[in-house]
Structures are given as C-alpha cells and as structure tokens.
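None of the figures in this text is laboratory data; all of them are computed from the coordinates on show. The shown structure was predicted, so the numbers you read here are calculated from the model rather than taken from an experiment. Counting neighbours? That spans all protein chains shown, and the Cβs are built from the backbone with ideal geometry, glycine included.
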Amino acid sequence: VTEAEGQGGELRRFLLEAHPVRGHHVRLGSAWTGLRHGRDYPPAVAALLGETAVAAVLLAATLKFTGKLTLQLKGNGRVSLLVAQCTHDFQLRATVSFDGAAAADADFASLVGNGQLVVTIEHGQAGRYQGIVPMQAASIAGSLEDYFLQSEQLPTRLRLQCDVTSCNGLLLQRLPTPPGDAVEDNTRQIWDHLCATLDELPLPVLDASTAELLPALMREHDCRLYGAAPVVCRCSCSRERVTGLLRSIGAREAHEVLAEQGHVTIVCEFCGRSWRFDAADVERLFVSSLPEPGQTLN
Ligand SMILES: [Zn+2]
C-alpha cells in the first residue's frame, strides 16, 4: 500500500425532480495527488491527465456495469498515449506518455495532435464494448459530448476543471422523452438554459461541494441529491497479474533478461511500483509450462 492509496474524493449523482435531466459531480480531492504521485508532469500534461481521469469517472458513473472503463487518448502530438481507467466502484488510475521538453507549454491541439479517443468498457463475463471518437473537439469534454451523441444518442454536457490543487467535473445528461410529448419543448428550453449556466459557472463553484454547487446550477428547479460515492486512486496491479504478463512474454525472453540483468523487473506504468523476479522466481514461473519428455518444442 503506497502513501497515495486509501484517500480520495467523491462522486454525487443528482436528478431534476420535474424534468428528465440527470447529473454527476465529481471532485477527485486527494485522489488527484495520488494520480501524480512520484511523477513530474508539466502543467499542460497534468491538466490533460486530470481532465481525462475525471471524464473516466463521470463516464463510469453514467453506466450500470461491473468491471472497468478505460479512456485511451492516442495521438500524434506531444502526448502519444494517455490512459485513464476507472472501475464501477470508482477506483481510478491513469498514466501518460509524452515528449517531455516540448510538452511543457503546449496547448490542447499540439498535445493531442490528430488524435482519437478510445472508450473501452469491460463488463466482466458480459463482454467488452469499444467505441472510437475522433478528437474533433478542442477539449476532452467536447470529445466526450460527441461520444455520448454517437453511442447513446443522449444530449450530454460536460465541464472539466483541473489545476495543481483541484480536479473536478460535472456531467449533465438529458434523458429521453417520448417524441412529440408536450413536455418535450419545455424540457429543451430548460436543458439549453442549464447548459448555458454550467458553461458559465465560476471555477470556485465547480470546486465546491455538490450541495453548494446545485443551487447555483439549478436555481429554481427541485433537485434530488444522492449520497456520495468515494473515488480513490488505486492501481489494480498485483504480483499475480504481473506473473501472468511474464508468462505471456514467454520463457525464452524472460531467461534472456535474467541472463543479462540477473533478475526480471517489471515496473507498473500506472503506479510506478516495481515487481522483481529473481532466477528462482523465473524458474518456478515456467516450470509448469516445460514440455514433457518426448514432446518437442514448436
Ligand atoms: Zn500499478
């Protein structure tokens, strides 16, 4: 257990009582410190990492699933790969590969380049879903709004905010109403007004507790606020998983590294923890996969 674990932020869900609109508000709190633990990200890269991590939590919050959701940002800009992963119970981890020197003062366009956002949902035994969104919008929030329109046809508005001290976000979603319903026109007006209000919410309000934020956002509308769910920075890497990875790399390669370095060490790209296997560990790992006498190696 590292210092960064076991702390975190919270996610709260709310519903408008009289209209088909729902929302999720997340504040990463000390989970944000956890995500950057032991790393030295330039501010622009940190902001992109934080926004994507918050987006992963908000996306996971909109789903009913048991498993993990992964947001992968792949591009040809200063950031080559950014991965943020959130489980159904909001255990969050994230990592980013970037061109160090050039990324320091880069704006969104030069960080991401001609990129795409890949959304992967692994839903236990029920299977795996993957959606790809070209990064045409000028922000993570805008790209996810595109994703929701494409994948679920639900009008969605996101606001993501991230700096050194705080990292948070809010998602509003308009739920379906029967077409031609008299409520429809009224709901559209209310929705448009809510989106405009969200866009203009001052940062300190976005950073405040959900109970403090809602009156500023919803004004005259009655709102139902649900209890807080904890959001923590926690990596799912384990000796067992790393062992599986080593097995898949294969005995020959593992022994080559062993001969060269005296041990095989795998560093988790998410949390930076290193998993070390000495010669005896490596022998034990592959003993069950050795061919029986008489069998040939293919
Ligand atoms: Zn890890």
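Quick one: net charge around residue 83, please, counting Lys, Arg +1 and Asp, Glu -1 for every other residue with C-beta under 13 Å from its C-beta.
On the way: positive: 68, 74, 93; negative: 269.
Taking every Cβ under 13 Å from that of residue 83, the sum is +2.
Which whole-percent values make up P(r) of region 159-230 when all C-alpha to C-alpha distances are grouped in 5 Å steps starting at zero?
Binned Cα distances yield the sequence 3, 12, 24, 22, 18, 11, 6, 3, 1, 0.
Sort 238, 248 so that the residue with the fewest other Cβ atoms within 10 Å of its own Cβ comes first and the one with the most comes last. Provide the component values of the computation, followed by the final result.
Values: 238 12, 248 7.
Fewest-to-most ranking of 238, 248: 248, 238.
Rounded if a/c is under 1.5, else prolate if a/b is larger than b/c, else oblate: which is region 186-298, with a ≥ b ≥ c the root eigenvalues of its Cα gyration tensor? If you can, show how the numbers build up before the last one.
Numbers: a/c = 4.57, a/b = 3.52, b/c = 1.30.
It comes out prolate by the Cα gyration axes.
If you look at just the Cα atoms of the chain, how large are its Rg and its Dmax in Å?
According to the Cα coordinates of the chain, Rg and Dmax are 22.3, 80 Å.
Taking 7 Å along the Cα-to-C-beta vector as the label spot, tell me the residue 184-residue 241 distance in nanometres, rounded to one decimal.
4.6
How would 263, 25 line up from fewest to most surrounding beta-carbon atoms within 10 angstrom? Spell out each step's value before the answer.
Working: 263 13, 25 27.
By the 10 Å Cβ count, ascending, the order reads 263, 25.
Which ordering of 275, 32 is given by a fewest-first count of other beta-carbon atoms within 10 Å? Don't skip to the answer; put the middle values down first.
Working: 275 18, 32 26.
Least crowded to most crowded, the residues run 275, 32.
Ratio of region 117-215's C-alpha Rg to 2.2 N^0.38 Å, to two decimals? Could you put the intermediate results ahead of the total?
On the way: Rg = 15.9 Å, N = 99, 2.2 N^0.38 = 12.6 Å.
After normalising by residue count via 2.2 N^0.38 Å, the value is 1.26.
Against the 2.2 N^0.38 Å scaling, with N counting residues, where does region 45-109 land? I'd like the Cα-based Rg ratio to two decimal places. Please list the in-between numbers first.
Values: Rg = 12.7 Å, N = 65, 2.2 N^0.38 = 10.7 Å.
Against the empirical 2.2 N^0.38 Å value, I get 1.18 for region 45-109.
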